[in-house]
1. Leu400 - would you say it is more than 15 Å from Pro78 (Cβ to Cβ) and among the aliphatic types (A, V, I, L, M)?
2. Among the residues of the range 173-202, which ones are over 17 Å from Arg276 (Cα atoms) and buried (at least 21 other Cβ atoms within 10 Å of the Cβ)?
3. Show the residue pairs that are 6+ apart or on different chains and have beta-carbon atoms under 9 Å apart, the first residue being within the range 395-414 and in contact (Cβ under 8 Å) with a residue 24 or more places away in the chain, the second being aliphatic (A, V, I, L, M) and part of a helix (DSSP H, G or I).
4. Given the residues Ser399, Ser403, which is the only one that is under 19 Å from Leu84 (Cβ atoms), surrounded by fewer than 17 Cβ atoms within 10 Å (Cβ to Cβ) and hydroxyl-bearing (Ser, Thr, Tyr)?
5. Among the residues of the range 424-435, are any of a type in the set (Gly, Ala, Ser), over 20 Å from Phe151 (Cβ atoms), open to solvent by less than 50 Å² (accessible area, probe 1.4 Å) and in contact (Cβ under 8 Å) with a residue 40 or more places away in the chain?
6. Of all residues in the range 295-345, count the ones that are at pLDDT 90 or above, open to solvent by less than 70 Å² (accessible area, probe 1.4 Å) and in a loop (DSSP other than H, G, I, E, B).
7. Among (1) of a type outside the set (Val, Ile, Thr); (2) open to solvent by 20 Å² or more (accessible area, probe 1.4 Å); (3) farther than 30 Å from Tyr170 by Cα; (4) touching a helix residue (DSSP H, G or I) at 6+ places or on another chain (Cβ under 6 Å), there is one condition Phe372 misses while meeting the rest; what is its number?
8. Determine which single condition Ile410 fails, assuming it passes every other condition in (1) open to solvent by 10 Å² or more (accessible area, probe 1.4 Å); (2) β-branched (Val, Ile, Thr); (3) assigned to a loop (DSSP other than H, G, I, E, B); (4) out of contact with any strand residue (DSSP E or B) (no Cβ under 8 Å at 6 or more places or on another chain).
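The values are calculated or read from the model by the stated rules, or taken from the named source; none is laboratory data. A quick note: this is a predicted structure, and the numbers were derived from the prediction, not measured. FYI the Cβ positions are ideal-geometry reconstructions off the backbone, even for glycines, and counts take in every protein chain you see. Areas reflect the complete protein model, heavy atoms only, side chains present, ligands, DNA and RNA absent. Shrake-Rupley method; radii C 1.70, N 1.55, O 1.52, S 1.80 Å.
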Amino acid sequence: MSLPLPETFLEEMKEMLGKEYEAYLDSFKRPSCRGLRVNTLKWTAGECQKRVPAKLTPVPWILNGFFYEEEERLSKDPYYFAGLYYLQEPSAMTPASLLPVEPGDRVLDLCAAPGGKSTELGARLQGRGLLFSNDISNSRAKALLKNLELFGISNVCVASETPQKLRAAYPEYFDKILVDAPCSGEGMFRKNPAMAKDWLKKGPAYYAEIQKEILEQAVAMLRPGGTLLYSTCTFSRQEDEEVILTTLAGHEEMEMVLLPLFEGAVDGFGLSGCLRLFPHRILGEGHFMAMMRKKGRKEESEEVCLSKKDRGKGLDWKRVDLEKETELREFLKEINRDYCPERLFVTDSQVYYLPEDFCFVPGLHYLRTGLFLGTLKKGRFEPSQALAMTLGAETFSNSLSFSYGDERVIRYLKGETLSLREEESGKKGWSLVCVDGFGLGFGKRMGLTLKNKYYSGWRWM
């Protein structure tokens, strides 16, 4: 088989795989797999399989993952706009599924864009603790923010910073850290052979040094007793096992945590306890994962976040005065959920609900600190799209829910004004527009007319 791949890469794969090398080459004849991962913050995998109008086949090693057929256009489905699932390559679902996140944890996704893994980590926190999602690229971090808001993740902080600056700001602060490191992308050659051109310019040797440096910063941000999962979408031992071995050699406080193998997965090469995925063994692309734990107990770490001395220093925010902001106060009464007043802050007329365990550090580039609730405008309050995605018909009293097949769902997503039926008349003012009870966005109800307030940047095109 003639492949547009570098001979050096093919020789290394032949050495690595031995008798399985030909099977690996044969995998290039198969089409790539498409995957859907369910947002368990909003519904269950079983509900999704029953209600999404597509043939969904479970991914054997992912509890909330499914394969779907190529011809299905699930990114154009109302349930996608409701944040009920994320479209993700099946192997790429694995790292976030393995990190043992528990509600209440402080979780860092250090190289998070575009958000496939962060959305899963946030869903598993179930609204408790803190998800800190970072990407050094500001443009990619904006895409990350959209995906997290679409998923309805409220206890989130999104930043665009270098790992070095984060290390200085948050030493030994996080319980769980995911490092899905930039890599040479060998595991994606089957899906996109054109990536091999980049491999010739910047191969494993180039990325290995970057990966070691990123892990160095991540280890410093991990609390004693905390867990760190490292992953790449490459096969190179130089970027995989050797990076982990270097980290272990330089940090006696770190130890391996053995990852469980499942059918089709294989152990590491030269370092037992890792997990490797190959496209000739599973229905997915190539991936590598290794997990480490920092010895000690959580109680041994000190709260040394820089803003602990003065949380408000450098932060041009003030607590919201709900006695003064009557429209905001009345709006919050519509929500069947308690918002702690001490976590409500306003800056530049924008109201935020900070995560329970968030520590602001002056000088960092934050794109989002908590849930953006909306904007105060001369005594009025205008709720945000981000807030709508955290709500549903059961949690917002003045809601309007259309059935999945109602043509007005698509019209709403396109930004059109809607006509309502007599039985749909209700309280004048802000209404949460839903599909089958799941929030899509806000509108303003005036008699039998709904003025569309769906965020223009997210509209159906």
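1. no
2. Within the range 173-202, Tyr173, Phe174, Asp175, Lys176, Ile177, Trp199 meet the criteria.
3. What qualifies is Phe396/Ala388; Phe402/Val409; Ser403/Val409.
4. Within the list Ser399, Ser403, the selection yields Ser403.
5. Checked the range 424-435: no residue is of a type in the set (Gly, Ala, Ser), over 20 Å from Phe151 (Cβ atoms), open to solvent by less than 50 Å² (accessible area, probe 1.4 Å) and in contact (Cβ under 8 Å) with a residue 40 or more places away in the chain.
6. Matching residues across the range 295-345 total 7.
7. It is condition (3) that Phe372 fails.
8. So the condition that Ile410 fails would be (3).
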